[in-house]
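Worksheet: one structure, shown below.
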Amino acid sequence: MKTNFFLLIGVLVLCSNCAVIKPGEAGVKQTLGKFSNEVSTQGTVFYNPFISKVIKESTQTKNIKLILTLPSKEGLSVNSEISILYRLVQNKIPSVLENLGQGYESIITSVFRSASSDVCAQFYAKDMHSGMRAKIEEEIKNKMEINLKKQADGIELIAVLMKRIQLPKGLANSIERKLQAEQDAMRMEFVLQQATLEAERKVINAKGERDAQKILSEGLTQEIIKIRSIEAFNKLAESTNSKIIITDGKTPLLINSDE
């Protein structure tokens, strides 16, 4: 009985002296308040529970979601849902814990608020709702990286994503009207282009007909007219139908025909 009791005590003491690090985690031993530079991953870490403890942090990508109002260059307020994707650099976790503590997410949030205000104030509200959004996101990310490295090196920013941009109602209506006007202008430009092409086609056809008539008239000499007249007389002569022809000897004139 006593043996079992001491065995149970031994197991409990042993378990209290170790920490299990799961996949996607990293453990840092803290002894008398000082963090070890050694980072443990996937396994069991033994420590003295009286003077030490093991702090476990995730090395997987994390997502901080924020809903806040961003300023614009013209002084408007733009509501937006933000996602900050980041992860801890495994071998630099001790630096993050020593300089920022385990509440480093609040530091990331504060740095984002400052960086986003500085960057968005350089852009118009409509830019946040257009193709400029990617540029704004990248500039916020770059500014955050600079500010975070001043405090602790070990937080890797993956992306800053601006989602569900909500412009002021008046501006949203103005942008919608502008887009509609641009579409109407593009449609009208297409119609005008088609009309211009059709007009050009008619001019070309008319010019062609004019040139053909000019060439034909220039080619009708007296000799050609005589030849054509003789050909016409020959065709009339070959016909079996009776005809009455009045002519001056130069050109034929058919005034009656019988079938």
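Nothing in this text is a laboratory measurement; each read-out follows from the coordinates by a stated rule. Quantities reported herein were computed from a predicted structural model and do not represent experimental measurements. Note that we place each Cβ from the backbone using ideal geometry, even for glycine, and neighbour counts take in every protein chain shown.
Around residue 196, what is the net charge, scoring Lys/Arg as +1 and Asp/Glu as -1 over all other residues with Cβ under 12 Å from its Cβ?
So the surrounding residues net to -1.
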Discussion item. Place a point 7 Å from the Cα of residue 41 along the Cα-to-Cβ direction; which residues of the stretch 82-125 have their backbone N under 16 Å from it?
Written reply: 87-95
Fill in: 13 Å beta-carbon shell around residue 80, net charge (K/R +1, D/E -1)
+2
Fill in: Distance (nanometres) between label positions extended 7 Å along Cα→Cβ at residue 166 and residue 114
2.8
Worksheet, complete the sentence: Taking a crude spin-label model, label points 7 Å out from Cα along the C-beta direction, the residue 77 to residue 204 distance in nm is 6.1
Worksheet entry | Environment charge of residue 163, counting only residues whose C-beta is closer than 14 Å and scoring Lys/Arg +1, Asp/Glu -1 | +1
